[in-house]
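A quick write-up on the structure given underneath.
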Amino acid sequence: MLERELTLDTKDYQGRRIVLTTRTFRRHIPIHPEITDYLREADEAISDPDGVIELESGASFLYRYGLGRTLFSNTYLGVVVHYKPEGTSERGVVATFHLPKGRVARIRYQWIAGARIAVEGI
């Protein structure tokens, strides 16, 4: 496979290689202009996510709270990764990442050691 110019080349929380091509990054800037200053944070969400959701498409949605600044503070950064076989392992390709506009207004439950625990005072 011909290697394209990469904007991000990192490892995920399971040690798999994850890349974001410059072409994909530039294509998403008009849709999510906030991402231009969040490459380091996207790397953090990939390497140490707060949660991973397996999507019906086969991709994974990795997210991490508290990485945003200013308008995006008190929210999460989400990264969609498609995994593909590469030799005896897998390699991930970032499809997109974004920060939702708004804030986390309320967290009612937390998952601790596999149990759903209500947060006090809500």
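Rounded to the nearest 5, what % of the DSSP beta bridges within the chain are antiparallel ones? For the chain, the DSSP antiparallel bridge percentage is about 90.
The P(r) of the chain has a tail past 24 Å containing 31 percent of all C-alpha pairs.
What does the net charge come to around residue 47 if you take all other residues with beta carbon closer than 14 Å to its beta carbon, with K and R at +1 and D and E at -1? Neighbour charge sum, excluding residue 47 itself: -2. Here the contact order of the chain, divided by its residue count and restricted to Cα pairs under 8 Å and six or more residues apart, works out to 20 percent.
Just grab the label-to-label distance for residue 74 and residue 23, each label 7 Å out from Cα along the Cβ direction, in nm (one decimal). Taking the two extended label points, one gets 4.1 nm.
Read-outs throughout are calculated quantities, based only on the coordinates presented, and are distinct from any laboratory measurement. These numbers come from a predicted model, not from an experiment. Here the Cβ is made from the backbone with ideal geometry for all residues, glycine too, and neighbour counts use every protein chain on show.
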